[in-house]
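The values are calculated or read from the model by the stated rules, or taken from the named source; none is laboratory data. Model, not experiment: these values are computed from the prediction. As a convention, Cβ positions derive from the backbone with ideal geometry for all residues, glycine included, and neighbour counts pool all protein chains shown.
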C-alpha cells in the first residue's frame with residue numbers, strides 16, 4: 001500500500017477490519033459515518049451490542065502503536081458521533097461498546113489486525 005494516499009489506505013484497512021468482524025459473526029451496519037465533527041470508521045452489531053470501531057494502521061517497524069493514536073480528544077469525538085448515530089437510528093435499547101482496531105501492514109501486501117474490545121468508555 002506504499003505510495004497510495006492515506007484516505008485510500010484507510011478505506012482499505014477499514015474494509016479488511018470489517019471482513020474480520022464479519023468472520024467473527026458481526027453484522028456491519030455502516031462505514032465512514034460522519035457525525036458532529038467525527039467520522040465513525042466502522043459500526044457493527046452482534047446480538048444486542050452495537051460496536052463503534054476506530055481503525056488505525058501503523059507499520060510495526062515504526063515502533064509507534066496505532067492504539068495510542070486514539071487519545072482522549074479523539075475518544076470524545078467518537079462518543080459524540082456515536083450518540084448522534086444512536087439517536088438517528090433509534091438504537092437506544094442496545095448496549096454500546098467502543099473498540100480500537102490496530103492494523104499492522106507487513107510490507108508485503110498483507111496485514112495483521114488486532115482489536116482491543118471495550119477500549120474506552122464515556
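General observations
- Among the conditions (1) touching a residue at least 12 places away in the same chain (Cβ under 8 Å); (2) surrounded by fewer than 12 Cβ atoms within 10 Å (Cβ to Cβ); (3) within 12 Å of residue 54 (Cβ to Cβ), the only one that residue 67 does not satisfy is (2).
- If the condition is being at pLDDT 90 or above and not in a strand (DSSP E or B), then region 93-122 contributes 93, 94.
- When we screen 83, 73 for residues that are at pLDDT 90 or above, surrounded by 14 or more Cβ atoms within 10 Å (Cβ to Cβ) and assigned to a helix (DSSP H, G or I), the only hit is 83.
- Taken over region 20-56, the criterion of being touching a strand residue (DSSP E or B) at 6+ places or on another chain (Cβ under 9 Å), part of a helix (DSSP H, G or I) and without any contact (Cβ under 8 Å) to a residue 24 or more places away in the chain is satisfied by 22 alone.
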